[in-house]
1. Just to confirm a number: summing +1 for Lys and Arg and -1 for Asp and Glu over residues other than ASN60 whose beta-carbon lies under 14 angstrom from that of ASN60, what do you get?
2. First select every other residue whose beta carbon is under 14 angstrom from the beta carbon of SER47; then total the charges, Lys and Arg +1, Asp and Glu -1.
3. Got a sec to turn the phi values of the range 85-91 into Karplus ³J(HN,Hα) couplings, 6.51 cos²θ - 1.76 cosθ + 1.60 with θ = phi - 60°, whole Hz, x for Gly and Pro?
4. Can you tell me how much longer the chain between ALA82 and ASN60 gets when fully stretched, taken as 0.36 nm per residue apart minus their C-alpha distance, in nm with one decimal?
5. Less than 15 Å Cβ to Cβ from PHE87, Lys/Arg counted +1 and Asp/Glu -1: what total charge do the surrounding residues give?
6. Under a crude label model (7 Å from the Cα following the beta-carbon direction), how far is GLN111 from ARG39 in nanometres?
7. Please sort by residue number the trypsin sites (Lys or Arg not before Pro) in the range 36-85 whose DSSP state is loop and whose Cβ has at most 12 other Cβ atoms within 10 Å.
8. Would you list, by chain and number, the aspartates and glutamates whose Cα falls below 17 Å from the Cα of LYS112, excluding same-chain residues fewer than 8 positions away?
Amino acid sequence: MIKIFFLILILMNVFFSGCLKKTINPANDYKHAIYWSLRAAEGGSVSAQKQLGSMYYLGNGVKKDLKKAYMWYKLASISNDASAKTFLDIITALLPGDQVSDAQTLFTAMQKKIMHSK
């Protein structure tokens, strides 16, 4: 009886691990995370804006882009979010001067887009 029980456990483990390999796709997970985060961030969600800032800062699921990271953290910092302000300061220090003005332009355009969508 114990042998049958363990055999069933082993078979279930093999079956479910095979199912998980087919359904878990990190690239697809990032794709969905970016899609939903963009929708929420453009709707004014500070946590989604910080999430996108982090994704662009680290290059998780997107090409690393400090200007876009700056833009998202700057948008989040408008709401007086302390962590967004901290990361904004870090990214500002990493960007050369001419890229900060480019990032500021991205920020202004996105801010207008968000304001018009409300």
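We did not get these values from a lab; they are worked out from the coordinates using the rules stated. Note that the coordinates shown come from a computational prediction; the quantities given were computed from them, not determined experimentally. We place every Cβ from the backbone using ideal geometry, glycine too, and count neighbours over all the protein chains shown.
1. +3
2. 0
3. 5, 4, 5, 4, 4, 5, 5
4. 5.7 nm
5. +3
6. 2.7
7. LYS63, LYS64
8. Straight-line reach from LYS112, under 17 Å: GLU42, ASP102.
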